[in-house]
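Input: a single structure, listed below in structure tokens.
The values are calculated or read from the model by the stated rules, or taken from the named source; none is laboratory data. All figures in this text were calculated on a predicted structure; none of them were measured in a lab. So basically every Cβ, Gly included, is an ideal-geometry build from the backbone, and we count neighbours across all protein chains shown.
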Amino acid sequence: MKIGIIACGAIVRELVAIANRRDWDYELTAVPAQLHNRPERIAPEVARKLDAWADHFDRILVGYGDCGTLGALDSLLARYPHAVRIPGPHCYEFYGGSRFERQAQRQPGTFYLTDFLAHHYEGLVIESLGLDRHPELRDTYFGNYKELLYLRQLPDQDESERARAAAARLGLAYREVDSGLDVLEERVVKIVEKDSA
């Protein structure tokens, strides 16, 4: 089975690790992670990739949650029966699974970082929100947050130093967990290997 993976740039490394471990025959193309700051642009960009790839693969894995598209990705994918997105609202949930759910219930005012987001925090958060030019906006954006939880996917790519610095810069209590890739991998395998046995 030939698999196409259209993935958010924020989870490319993790999806490649899973696909290689599973020895899948796949090709991957990425959509810029920066689109999360403008989620209305995600579905149109994924649509362009799908239109180019639709007839070349037996199954297309769309490496996104809903990611703030308000259902636009699911409406798009209804037109492509062999394309399926990862179930879940966003990558924090499908990395963290029950850990994410417990944290969200315990402290709704939590800002989450993944390996990717911690690594690119300066550009994707500080510069993108203009906090490098207007640090006085910090409380406007983050005044309701209390904690920062770093979800570490791959221990060999530890970003805890950057995550701690981000928490300090935002004035948030710091926490971290080793989320691994188990929840994500289980969901992805169900998509890709469905009906292939």
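Scanning the range 16-46 for residues that are touching a residue at least 24 places away in the same chain (Cβ under 8 Å), acidic (D, E) and within 24 Å of S128 (Cβ to Cβ) yields a single hit, E40.
Considered as a group, the residues in the range 42-61 that are surrounded by fewer than 16 Cβ atoms within 10 Å (Cβ to Cβ) and not in a loop (DSSP other than H, G, I, E, B) include one that is nearest to the chain's Cα centre (by Cα), and that residue is E45. For the structure I just gave you, tell me whether Q34 is part of a helix (DSSP H, G or I), at pLDDT 95 or above and out of contact with any His (no Cβ under 6 Å at 6 or more places or on another chain). Spelling it out, it is not the case that Q34 is part of a helix (DSSP H, G or I), at pLDDT 95 or above and out of contact with any His (no Cβ under 6 Å at 6 or more places or on another chain). Within the range 115-151, restricting attention to residues that are more than 24 Å from D182 (Cβ to Cβ), assigned to a helix (DSSP H, G or I) and hydrophobic (A, V, I, L, M, F, W, C), the residue that is nearest to the chain's Cα centre (by Cα) is L124. Of all residues in the range 62-82, those satisfying the criterion of being among the small types (G, A, S) and assigned to a helix (DSSP H, G or I) are A72, S75. Restricting attention to the range 83-103, which residues are part of a loop (DSSP other than H, G, I, E, B) and either of a type in the set (V, I, T) or in contact with a helix residue (DSSP H, G or I) (Cβ under 8 Å, 6 or more places away or on another chain) (or both)? If the condition is that a residue be part of a loop (DSSP other than H, G, I, E, B) and either of a type in the set (V, I, T) or in contact with a helix residue (DSSP H, G or I) (Cβ under 8 Å, 6 or more places away or on another chain) (or both), then I86, P87, G88, G97 are the ones that fit. Of the residues making up the range 120-151, those that are in contact (Cβ under 8 Å) with a residue 12 or more places away in the chain, under 21 Å from R38 (Cα atoms) and either in the same structural domain as P32 (by TED's automatic domain parsing) or surrounded by fewer than 17 Cβ atoms within 10 Å (Cβ to Cβ) (or both) are S128, L129, R138, Y141.
Would you check if there is a residue in the range 47-59 being in the same structural domain as V188 (by TED's automatic domain parsing) and in contact (Cβ under 8 Å) with a residue 60 or more places away in the chain? Taking every residue of the range 47-59 in turn, at least one turns out to be in the same structural domain as V188 (by TED's automatic domain parsing) and in contact (Cβ under 8 Å) with a residue 60 or more places away in the chain.
How about the range 51-64: which of its residues are touching a strand residue (DSSP E or B) at 6+ places or on another chain (Cβ under 7 Å) and modelled with pLDDT of 90 or more? If the condition is that a residue be touching a strand residue (DSSP E or B) at 6+ places or on another chain (Cβ under 7 Å) and modelled with pLDDT of 90 or more, then H56, F57, D58, R59, I60, L61, V62, G63, Y64 are the ones that fit. Restricting attention to the range 152-185, the residues that are in a helix (DSSP H, G or I) and surrounded by 13 or more Cβ atoms within 10 Å (Cβ to Cβ) add up to 13.
When the range 141-181 is limited to residues that are among the polar types (S, T, N, Q) and modelled with pLDDT of 95 or more, the one that is nearest to A17 (Cα to Cα) turns out to be S160. Scanning the range 172-185 turns up no residue that is out of contact with any Cys (no Cβ under 8 Å at 6 or more places or on another chain), in the same structural domain as Q105 (by TED's automatic domain parsing) and within 15 Å of H120 (Cα to Cα).
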